[in-house]
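The numbers here are math on the coordinates, done by the rules we state, and not lab data. For clarity, every value in this text was computed on a predicted model and none was experimentally measured. Here Cβ is always computed from backbone atoms with ideal geometry, including for glycine, and neighbour counts include all displayed protein chains.
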Amino acid sequence: MASHVEVVSTDLRRIKVKVTPGTYLVDVLGEACQKLHASPDRFLLKHKQKVVDLTGPFRTSGLSPGAKLELVLKSSSPSVVSIALDVEGSRFTKKLPSDMSLWQVLRQFETSEKGLNVTGKGLPKSDSGGQLYYQAPVVNIMGREYSAMEDLQKTLSQCGINSGSMVLRIFFHRTEKTLSDALQEMDQFLNEVDPEKPREQPKAEPQEAPAGNETKEEIVTENTLMTDSTAPETTEQKEDTAAASNKPTETPADSNSLAIGEPSTSTNADHLQPTGVFSAPEYSTPVAAQIYEEDSVYEPTIAHAQLRQQQLLTRTQNTRLKSDAELAAIEAEKAAKLARITQVDVKVRFPDQTSAQWTINLEDTGAFLYQAIRGVMAHPEEPFRLVMSGPSGGTILDNAKPIIASYKLKTRELLNLLWGDAASQKARSAPFLNDKTASRALAVPVPTVPQVGADEGESSAGPSTTVATSEKKVHSMDSAAVRKTISKLFKLPGRK
C-alpha cells in the first residue's frame with residue numbers, strides 16, 4: 001500500500017515523497033533532492049534528531065506513514081565506515097572511506113586479502129572445451145543488488161552507507177561472455193569513466209580452472225590512494241623502485257620511501273629552494289584565540305535580523321534554471337580562468353609545526369614538490385606523504401600529476417606532511433628541517449586585525465537603506481523592548 005513521507009529542507013520548504021514498503025530510503029533522499037534541485041551527496045535525513053539509516057527499505061526503518069524527515073547537510077569530508085565482505089561464507093573486514101566506489105571496495109579487498117578473487121572470476125562450461133566464462137560479481141546491500149558496472153561505480157555514501165558498519169554480500173552471476181572479452185569491456189568502461197587515472201592490471205586467477213589450462217587473463221584495478229593505515233603500504237611498494245632512481249644525487253636512496261622526486265638533471269636547483277621558511281609558533285594557543293573581543297560585538301541586532309529575513313525571502317522566490325548553453329558558457333569561463341593561472345604559492349606544514357613555501361609553475365608535478373622537500377629535510381631518507389587541505393582535504397598529492405591543473409589550484413594552497421608508517425622514531429622526534437634551512441626560518445607574520453566596536457559591527461551587518469533607521473530605534477528603546485522585537489523577527493511560521 002502506497003503512502004508518503006514529508007521531507008523538510010534547510011530553508012523550511014516541504015516536499016512529499018511517495019513510498020511503498022519496499023522503497024529504499026536512499027531513493028527517498030534522491031527524489032527529495034531532485035525536487036529541491038540539490039545534490040543528494042551533500043545531505044542526510046534525520047527523524048526526531050536521529051540520523052536515518054538509508055540502506056534499508058521503508059518497512060524496516062521504523063517510520064510511520066506521513067513521517068516528517070529533516071534534510072540536513074552532512075560533513076564535506078568522507079567518514080570512515082567498517083565494511084565486512086561476505087564471499088561464499090568467508091568474511092573479510094576493512095575500514096574504508098565513504099566516498100569509495102563499490103568497485104574500488106572490491107579491488108581493495110582483493111589487494112589486501114591473499115587469494116581473494118572477486119572481479120576476475122571465471123568458470124568453464126561443461127561443453128566449452130575448457131573455455132572460461134566470466135562470473136560477474138553481484139553486491140547485495142540490505143537486500144538491494146548492484147551488478148552492472150554503472151551500479152558498481154556508486155560510492156558507499158550514494159548507497160546510503162555513511163557511518164557505522166555494513167556487510168556486503170557477494171554473489172556471482174554466470175554470463176555468456178568469455179573471461180577475456182569481459183575483462184576487455186571492463187577495461188574500456190573504466191577508461192571512459194576516468195581516462196586520466198593510472199591503472200594497474202594484475203592477472204586474474206580463475207578458480208576451478210581445468211588442469212593444464214595455464215591461460216592468464218588481465219583485469220583492471222583502481223589505483224586508489226587512501227589515508228587508511230593499510231593503503232600507504234601498497235603505495236610505498238609501488239614507488240620504491242622509482243624513488244631509488246629519481247632522487248637527487250645528494251639525497252641518499254631509501255627503498256622504503258613513500259615519495260619520489262624528479263631527476264635532478266631536469267630540475268633547476270634554484271627552483272627547488274623554498275621562497276620562505278617559517279618557524280614553529282611559540283605558544284600552543286592560536287593567536288586568534290588570544291584576541292579579546294567584547295561580548296556585545298557578537299550580539300545580534302535588528303539589522304542582522306532584517307538581513308536574515310531578506311535572505312530567507314530571496315530563497316523562497318522561484319528562479320529560472322540555466323539553459324544548457326548558459327551552463328556550458330559558465331564551465332568554459334571557469335576553464336579559461338584556470339588556464340590563465342601559471343604560478344601558485346604552495347605552503348607545506350611539517351610535523352613539528354615548522355613550514356616552508358614554494359612557488360609552483362604550471363608544468364611542475366607532485367614529484368617536484370617531494371624532491372624539493374627532501375632537499376630541506378634533516379632526514380631525507382625517511383618516507384612521508386603530502387595531504388591536501390581545504391576543499392580537497394584528505395587527498396594525497398600524486399607524484400605524476402601536474403599540481404596546478406590536476407587539483408585546480410587558484411590561489412595559495414596549504415599541504416600537510418605526514419610521516420610514513422616506516423619512518424623511524426628518531427626522525428619523528430628530531431627537528432624536521434636541516435640546520436642550513438632552519439637558520440633561514442622566520443616567525444609567521446600575524447596580520448593586525450582592527451578592533452571593531454559594537455556600534456561599527458551593527459552598522460555593517462544589514463542593508464545600507466535600513467541600518468540608520470534600525471540604529472535610531474535601538475537607541476530609543478530599552479533592552480527589554482529590543483529583545484522582544486528581535487524575538488518577533490526570528491519567529492518561525494506557525495509558532496505562537
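So, in Å, what gap is there between the alpha-carbon centers of segment 330-356 and segment 28-50?
Taking the Cα centre of each part, segment 330-356 and segment 28-50 sit 33 Å apart.
Sorted by mean Cβ packing within 10 Å, highest first, what order do the peptides 11-17, 321-327 take?
Numbers: 11-17: 13.6, 321-327: 9.3.
Order by mean packing, descending: 11-17, 321-327.
Which of the pairs 94/410; 95/347; 94/121; 74/322 have their Cα atoms more than 28 Å apart in this structure? Let's see the in-between values first.
Details: 94/410 36 Å; 95/347 31 Å; 94/121 21 Å; 74/322 26 Å.
Among 94/410; 95/347; 94/121; 74/322, the Cα-Cα distance tops 28 Å for 94/410; 95/347.
Taking amide H atoms as placed 1.01 Å from N in the peptide plane, list the residues 5 or more away in sequence, or in a different chain, whose amide H sits under 5 Å from that of residue 4.
Under 5 Å from the amide H of residue 4: 19, 66.
Given segment 3-73, report the % of alpha carbon pairs whose separation exceeds 22 Å. Working shown, then result.
Working: 203 of 2485 pairs.
That fraction is 8 percent.
Hey, any idea what the orientation-averaged projected area of the convex hull of segment 283-323's Cα atoms comes to, in nm²? Don't skip to the answer; put the middle values down first.
Values: hull surface 25.0 nm².
The number I arrive at for segment 283-323 is 6.2 nm².
What's the local net charge at residue 166, with K and R +1, D and E -1, over the other residues with C-beta under 14 Å away?
It works out to a net charge of +4.
Using only Cα atoms, what Kirkwood radius does segment 263-410 have, in angstroms? Please report the intermediate quantities before stating the final value.
Numbers: mean 1/r = 0.0503 Å⁻¹.
For segment 263-410, inverting the mean 1/r across all distinct Cα pairs yields 19.9 Å.
Would you report the distance distribution of C-alpha pairs in segment 321-398 as whole percents per 5 angstrom bin, up to the bin with the largest distance?
All Cα pairs, binned at 5 Å, distribute as 3, 11, 18, 20, 15, 10, 8, 6, 4, 3, 1, 0 percent.
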